[in-house]
Amino acid sequence: MLSVEGLVTRYSTMMGDVKAVEDITFHVKKGEMFGLAGESGCGKTTAILSIINLLPSNGRIVSGKISYHDHDLANISKAELRRDIWWKKISIVFQAAMNALNPVLSVEDQIAEAIILHEDLIKQAALEKVKKLFELVGIDPTRTGNYPHEFSGGMRQRAMIAMALACNPELIIMDEPTTALDVVVQGEVLDLVKKLQKELNLSVIIITHDLSVIAEICDTTGIMYAGKLVECADTRAIFKKPRHPYTQGLIGAFPSLSSSWRRLEGIPGSPPDLLNPPPGCKFHPRCPYAQERCREEEPISIEIEKDHTVACHFIDEIGKAVYGSQ
Amino acid sequence: MVTNDILLKVENLRKYFPARTGFVSSILGRTEWVHAVDDVSFETKRGEVLCLVGESGCGKTTTARVLIRLDEPTDGKVYFEGEDIFALDRKRLKNLRLKMQMIFQDPYTSTNPRMTIFDAVAEPLVVHKLASGKELAEKVAQGLESVELTPPEAFMYRYPHELSGGQRQRVGIARVLILEPEFIAADEPVSMVDVSLRAGILNLLLDLKDKYNLTYIFITHNLAQAKYIGNRIAVMYLGKIVEMGQAAATLGEPLHPYTKALVSNVPIPDPDIVRERIHLKGEIPTPINPPSGCRLHPRCPYVIEKCSTEEPKLVEVEKGHFVACHLVE
C-alpha cells in the first residue's frame, strides 16, 4: 500500500547539509502495524515527515520514490495532498499531545473543523461525528465541549487519536505516541491503538525509541541508525534473531521486567553527527565486528530471508558467531 | 555488598508545597497544600540500592531532595549515620554534603555551558577547599577516568556542548564522585540519555557502587531499570509508599493493586509474551486534595467499602515485604 524506495532527505543548515535520511526503503501493507525504531536523531521522524510532505522549510527530499496506491507522494502538489491524501487517506498523531491541540478551541471544535473542511458536512453532523469518535477512543462523549487543559495527558492523547481518525483514513502515522505518558496510561493507549487497528483494519506506522513498545504491538519492525534503515523484518525475527550488530546491541541494552538478571551490554561510543557522518558503514565506529571494508564501503540492504533485510557486510560471519552454524 | 549497617533512616517524612491559589483565598488565608510527600518512612542499608519508583508526580524526586536536605521537610526526620540531618548547623551541613550527593536527571541543564569539563568536575573540590593546583588536576583526571571518559586529557578542555548526553551524564557522575561520598541519590539518571548509552551508565553506577562501597537511592519511573539496578524497591503513589520489598520478588509477585497494575502495563521487549493489562480507572488525581482513605481507592479495581474511609498502614506481610492495602493485611 505504501512503498518508500531509496528515500534521501537532507536539511540545509549554516554548517552544511544534515544527511537525515540516507537511502531507505520499506513497505507498509494494508492492515499492518509497522514500527520504526531508533535513537533520537536517527532520522525516523524525518522519514515520516518526508512521506507526508510536512518537512520544515530547510528540509528537502533529494531523491527517492514514495508511492501510495497510485500517488507519488514525493512529487505531488500541496493542493492535491490537501484534497486527496491528508486526513482522508493518511493522518498523523504527533508526539506532544499537549502542544498539538489548540488551547483556545474546544476539543470538539478542533476535530469538527477538520471534518467540515474535508468531508463537506454541516457543523451539526460534524459534531455528531465527534461524539462517535470519542466513544470509539474511550472518552466520555459528554466531554467533547471541554478545552484541552481540562483533559488529562491520556485523554489528550486519545483526543489526538480521535482527530486522526476523523476522516476515516487507512494509514495513521504515530510519532512517539506514548513517550510522554505514564506507564498505566501508556498501556491503555497501546491497547486502544491495537483495538482500533483491528476494528478499522488500519495500517499504522509507529515511531518510537522504545523497543518494548514495538514488541508489544507491531507486526513489522524497521531499525534506523544514522539515517539508514539497517534492518527490517517481522517483529519476532527482530527480537528473537536480530542480524545487524546495531539491532543486536540495542536489544542487548534493554532491561526487561520479564527476564532474570543478566548484565546488560551498552553500545560503546555515541551516535554520529549527521553533518559529517563516518564513511562506509555508519555504524562501524561502534561496531564490535568492524573491519577495513566497513570503513570504506557502505553496505547495501540485502534480503537475507523473505521480508528480512539487513545492511551489513558480514551478516553470515556475525550470524555464525552469534547463533552458531544453523 | 549490602550490609546490615543502617546508613539512612527516614521517619514519617512529609513535604507539602503551597499551591498557587486565587487572590480571594489568599486574603482569606485559605492556602491549599500540595501533599508531595506524605508520611514516608524507610531505611537504607550501607551498600544497598533502593529504588523509588512511581509515576510522575508521585513524590519520588521530592523525597530524594528532602532527604539530602536540598529542600526542608514539612515534618519528619532523616537520620544519616545516626545523625538527624535537619538539626545540623551550617558547618556540619557542609560536611554532610561531602557524604551525600545527588545525580540529576537532565545532563543538558545540569552542566554549566560556559565551564570546561575540567572546571565542572573540579568545582566541588574547589568549593569545599579540598584540593588545588597539581593535586586538583590529578583528582579531576582520576575522576574522569573512573567514569570512563578516557583519556581524560581528551575531555578536560572541552565544553559540555561538545559531548553527547551520555558523556555529559558521566561528567555529572564524576562531579559527584570526586567528593568520595558514601551516599548518592540518583534522580532518573538515564531517562534523558540515548537508549544505546543507557546500559553503559547503569553498569557504570553498579561498578562504582561495588568499587567504592556506595549506597544509592535510585529514582526511576522505569520498572525494568529498577529491577536491573535495585536491591530493594519502594513503590510510591500520591506521596505515599504503597509497597516495598526486594526488587525482583516485589516486581515478580506484586501484592498491592497499584504495583500489580504498573507491572502489568510495562511493555516487555519480547513479542512472545502476551499479558492481560490491569486498567486503573481514570488518572492520578491532584495531590492538592488527595482522596480520603486509601489514595488509590477511586481507581482501584478491587476496592472495598473500608478503602474510602480508612487509610491502610504499610505492614510487613512477609519478611522484608511491606504493603499498604486492606485486602492484603
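Is there any pair with a first residue in the stretch A:283-296 that is closer than 20 Å to A:LYS320 by Cα and a second that is modelled with pLDDT under 95 and surrounded by fewer than 13 Cβ atoms within 10 Å (Cβ to Cβ) whose Cβ atoms are under 9 Å apart and which are 6 or more apart or on different chains, and what are they?
That search, which allows pairs on different chains as well, returns A:TYR289/A:GLU317; A:TYR289/A:ALA321.
Residue by residue through the stretch A:1-31, note down the ones that are surrounded by 19 or more Cβ atoms within 10 Å (Cβ to Cβ) and among the acidic types (Asp, Glu).
A:GLU22, A:ASP23
Does B:ALA199 satisfy the criteria of being within 12 Å of chain A (Cβ to nearest Cβ), of a type in the set (A, V, I, L, M), crowded, with 21+ Cβ neighbours inside 10 Å and not in a strand (DSSP E or B)?
Spelling it out, B:ALA199 is indeed within 12 Å of chain A (Cβ to nearest Cβ), of a type in the set (A, V, I, L, M), crowded, with 21+ Cβ neighbours inside 10 Å and not in a strand (DSSP E or B).
Would it be correct to say that B:PHE183 is modelled with pLDDT under 95, among the aromatic types (Phe, Trp, Tyr) and out of contact with any His (no Cβ under 7 Å at 6 or more places or on another chain)?
So B:PHE183 does not fit the description; no.
Scanning the stretch A:270-291 for residues that are part of a helix (DSSP H, G or I) and farther than 11 Å from A:HIS313 by Cα, which turns out farthest from the other protein chains (Cβ to nearest Cβ)?
A:PRO285
Which numbered condition in (1) assigned to a loop (DSSP other than H, G, I, E, B); (2) within 11 Å of chain B (Cβ to nearest Cβ); (3) of a type outside the set (A, V, I, L, M, F, W, C) is the only one that A:GLN186 fails?
(1)
Taking the stretch B:212-231, which residues are among the hydroxyl-bearing types (Ser, Thr, Tyr) and farther than 13 Å from B:ALA249 by Cα?
As a first pass, look at the stretch B:212-231 and keep what is among the hydroxyl-bearing types (Ser, Thr, Tyr): B:212, B:215-216, B:220, B:228.
Those that are among the hydroxyl-bearing types (Ser, Thr, Tyr) and farther than 13 Å from B:ALA249 by Cα: B:TYR212, B:THR215, B:TYR216, B:THR220.
For the stretch B:209-248, enumerate the residues that are hydroxyl-bearing (Ser, Thr, Tyr) and farther than 17 Å from A:VAL184 by Cβ.
Listed by number, the residues that qualify are B:TYR212, B:THR215, B:TYR216, B:TYR228.
Residues in the stretch A:294-306: is at least one touching a His at 6+ places or on another chain (Cβ under 8 Å), part of a helix (DSSP H, G or I) and farther than 16 Å from A:LYS228 by Cβ?
Looking for residues that are touching a His at 6+ places or on another chain (Cβ under 8 Å), part of a helix (DSSP H, G or I) and farther than 16 Å from A:LYS228 by Cβ, one finds none in the stretch A:294-306, hence no.
Conditions (1) free of Cβ contacts under 8 Å to residues at least 12 places away in the same chain; (2) of a type outside the set (Asp, Glu); (3) surrounded by 21 or more Cβ atoms within 10 Å (Cβ to Cβ), marked per residue:
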residue	(1), (2), (3)
A:THR142	yes, yes, no
A:ASN146	no, yes, no
A:ALA166	no, yes, yes
A:ASN201	no, yes, no
A:ILE205	no, yes, yes
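Only helices (runs of 4 or more DSSP H) wholly contained in the stretch B:204-273 count here; list those with 1 or more residues that are away from every other protein chain (no Cβ under 11 Å).
B:247-252, B:257-265
Among the charged types (D, E, K, R), out of contact with any Lys or Arg (no Cβ under 9 Å at 6 or more places or on another chain), more than 8 Å from every other protein chain (Cβ to nearest Cβ) and in contact (Cβ under 8 Å) with a residue 40 or more places away in the chain, is that true of B:ASP187?
Working: among the charged types (D, E, K, R): yes; out of contact with any Lys or Arg (no Cβ under 9 Å at 6 or more places or on another chain): no; more than 8 Å from every other protein chain (Cβ to nearest Cβ): yes; in contact (Cβ under 8 Å) with a residue 40 or more places away in the chain: yes.
For B:ASP187, the condition - among the charged types (D, E, K, R), out of contact with any Lys or Arg (no Cβ under 9 Å at 6 or more places or on another chain), more than 8 Å from every other protein chain (Cβ to nearest Cβ) and in contact (Cβ under 8 Å) with a residue 40 or more places away in the chain - is not met.
Tally the residues that are within 22 Å of A:ARG83 (Cβ to Cβ) and assigned to a loop (DSSP other than H, G, I, E, B), restricting the search to the stretch A:115-146.
Residues flagged as within 22 Å of A:ARG83 (Cβ to Cβ) and assigned to a loop (DSSP other than H, G, I, E, B) within the stretch A:115-146 amount to 3.
So which of A:ALA74, A:ALA112 is among the aliphatic types (A, V, I, L, M), at pLDDT below 90 and either assigned to a loop (DSSP other than H, G, I, E, B) or buried (at least 18 other Cβ atoms within 10 Å of the Cβ) (or both)?
A:ALA74 is the lone residue from the list that is among the aliphatic types (A, V, I, L, M), at pLDDT below 90 and either assigned to a loop (DSSP other than H, G, I, E, B) or buried (at least 18 other Cβ atoms within 10 Å of the Cβ) (or both).
Test B:SER56 against the stated conditions and say whether it is within 22 Å of B:VAL323 (Cβ to Cβ), surrounded by fewer than 20 Cβ atoms within 10 Å (Cβ to Cβ), touching a residue at least 60 places away in the same chain (Cβ under 8 Å) and small (Gly, Ala, Ser).
no
Report yes if some residue within the stretch B:177-185 is more than 20 Å from the chain's Cα centre (by Cα), assigned to a loop (DSSP other than H, G, I, E, B) and not basic (Lys, Arg); otherwise report no.
Yes, the stretch B:177-185 contains at least one residue that is more than 20 Å from the chain's Cα centre (by Cα), assigned to a loop (DSSP other than H, G, I, E, B) and not basic (Lys, Arg).
Look at the stretch B:276-298 and say how many of its residues are at the interface with another protein chain (Cβ under 9 Å from one of its Cβ atoms) and more than 24 Å from the chain's Cα centre (by Cα).
Summing the residues that are at the interface with another protein chain (Cβ under 9 Å from one of its Cβ atoms) and more than 24 Å from the chain's Cα centre (by Cα) in the stretch B:276-298 gives 5.
Kindly evaluate A:ALA237 against the criterion of being within 12 Å of chain B (Cβ to nearest Cβ), closer than 30 Å to A:LYS320 by Cβ, touching a residue at least 40 places away in the same chain (Cβ under 8 Å) and of a type in the set (Gly, Ala, Ser).
Answer is yes for this residue.
I need the full set of residues from the stretch B:31-78 which are in a strand (DSSP E or B) and of a type in the set (A, V, I, L, M), in order please.
B:VAL34, B:ALA36, B:VAL37, B:VAL40, B:VAL49, B:LEU50, B:LEU52, B:VAL53, B:VAL78
Can you work out which of the residues in the stretch A:189-213 that are within 8 Å of another protein chain (Cβ to nearest Cβ) and under 13 Å from the mean Cα position of the chain (by Cα) is farthest from B:LEU197 (Cα to Cα)?
Of everything passing the filter in the stretch A:189-213, A:VAL213 is farthest from B:LEU197 (Cα to Cα).
Going by the conditions given, is B:PRO113 of a type outside the set (Lys, Arg), in contact with a strand residue (DSSP E or B) (Cβ under 9 Å, 6 or more places away or on another chain) and either part of a helix (DSSP H, G or I) or surrounded by fewer than 19 Cβ atoms within 10 Å (Cβ to Cβ) (or both)?
In short, no.
Only one of (1) touching a helix residue (DSSP H, G or I) at 6+ places or on another chain (Cβ under 6 Å); (2) free of Cβ contacts under 8 Å to residues at least 40 places away in the same chain; (3) of a type outside the set (Phe, Trp, Tyr) is not met by A:ILE66, so which one is it?
Result: A:ILE66 fails condition (2) only.
Evaluate the stretch A:239-261: report whether one residue or more is within 30 Å of B:LEU206 (Cα to Cα), at pLDDT 90 or above, in contact with a Gly (Cβ under 6 Å, 6 or more places away or on another chain) and not in a loop (DSSP other than H, G, I, E, B).
no
The values are calculated or read from the model by the stated rules, or taken from the named source; none is laboratory data. What you are looking at is a predicted structure, and each value in this text was computed from that prediction instead of being measured. Here Cβ is always computed from backbone atoms with ideal geometry, including for glycine, and neighbour counts include all displayed protein chains.
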